[in-house]
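Rule-based calculations on the coordinates, nothing more; no lab input. Here the structure is a predicted model, which means the values were calculated and not measured. With ideal geometry, Cβ positions are generated from the backbone for all residues, glycine too; neighbour counts draw on all protein chains shown.
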Amino acid sequence: MTLEELSRAVAQCQRCPLRMTATQPVPDLIVPDCEYFLLGEAPGRDEDKAGTPFVGAAGKRLNVLVALTGIDLNKCSVGNVVRCRPPSVDRKQREPRKAEIRACIVWLRRALAIAQPKTIITLGRIPLSLFSRYGIKQMHGTQFEFDLDEEFICLRTKKKGGKDEDTKANPDNL
Ligand code: SF4
């Protein structure tokens, strides 16, 4: 799949209910054969309106963060675990649910296949949970290898009675 085909497919995606409440899907910004892929959780309000990841307040925070590391943001791919903004609950944007992550992971896999990053930098608990069973406290600042041909870790929970376990009851599994 080419970058153009991926962008078109994401723009038309209706694989999960998030599409019903979001303004539009926000495709990843992919730089093929990049050094870094910066991976956030989900588009926020500004990204939802603009259709571009990491604009507005989140973009400013990311720019400051990246400037401190000396990484050239123009040479990085940036994207999110899910591409449609989750709705707000009690005025706070809720986290993407496991079924939504599962539905959207196909686009992340394809984005990573095109970007071929040497390093994925996870920005927050949900992106980290794709690759590690451990939380931010344990993993902050550490680097480890992950085989992208394997199923992402947060999607590996066993099913009970044909249904996914309630990840809300056990957020460490998400
Ligand atoms: S969040 Fe992902 S899977 Fe769900 S509709 Fe948007 S692009 Fe499709």
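For LEU38, list long-range residues whose amide hydrogen, built 1.01 Å from N in the peptide plane, is under 5 Å from its own amide hydrogen.
SER77, VAL78, GLY79, ILE121
So, in nm, how far is label THR2 from label LYS137 when the simple model puts each one 7 Å beyond its Cα toward the Cβ?
If labels sit at THR2 and LYS137, their model points lie 4.9 nm apart.
Grab the chain and count how many Lys pairs have their alpha-carbon atoms under 15 Å apart, sequence gap of 8 or more, or different chains.
Qualifying lysine pairs in the chain: 9.
If you build a Gaussian network model of the chain, linking Cα atoms that sit under 10 Å apart, which residue out of LEU39, LEU18, LEU148 swings the most?
The residue with the greatest mean-square fluctuation here is LEU148.
If you take the charge dipole of region 3-173 about its Cα centre, with +1 on Lys and Arg Cβ and -1 on Asp and Glu Cβ, which of ALA50, ASN74, THR21 is farthest toward its positive end?
THR21
On the Cα set of the chain, report Rg and Dmax in Å, please.
Answer for the chain, Rg first and Dmax second: 15.6, 49 Å.
Treat the count of other C-beta atoms within 10 Å as a stand-in for reagent exposure and order ARG97, ARG156 from fewest to most.
ARG156, ARG97
With +1 assigned to the C-beta of every Lys and Arg and -1 to the C-beta of every Asp and Glu, and no other charges, what is the dipole magnitude of region 37-85 about the Cα centre in debye, to the nearest 20?
Dipole magnitude for region 37-85 comes out near 80 debye.
Which whole-Hz couplings ³J(HN,Hα) result when phi for each residue of region 71-84 is put into the Karplus expression 6.51 cos²θ - 1.76 cosθ + 1.60, θ = phi - 60°, listed in order with x for Gly and Pro?
6, 8, 4, 5, 9, 9, 8, 9, x, 9, 5, 10, 9, 10
Give me the percent of DSSP beta bridges within the chain that run antiparallel, rounded to the nearest 5.
40
Within a 10 angstrom radius of the beta carbon, how do MET20, MET139, MET1 rank from fewest other beta carbons to most?
MET20, MET1, MET139
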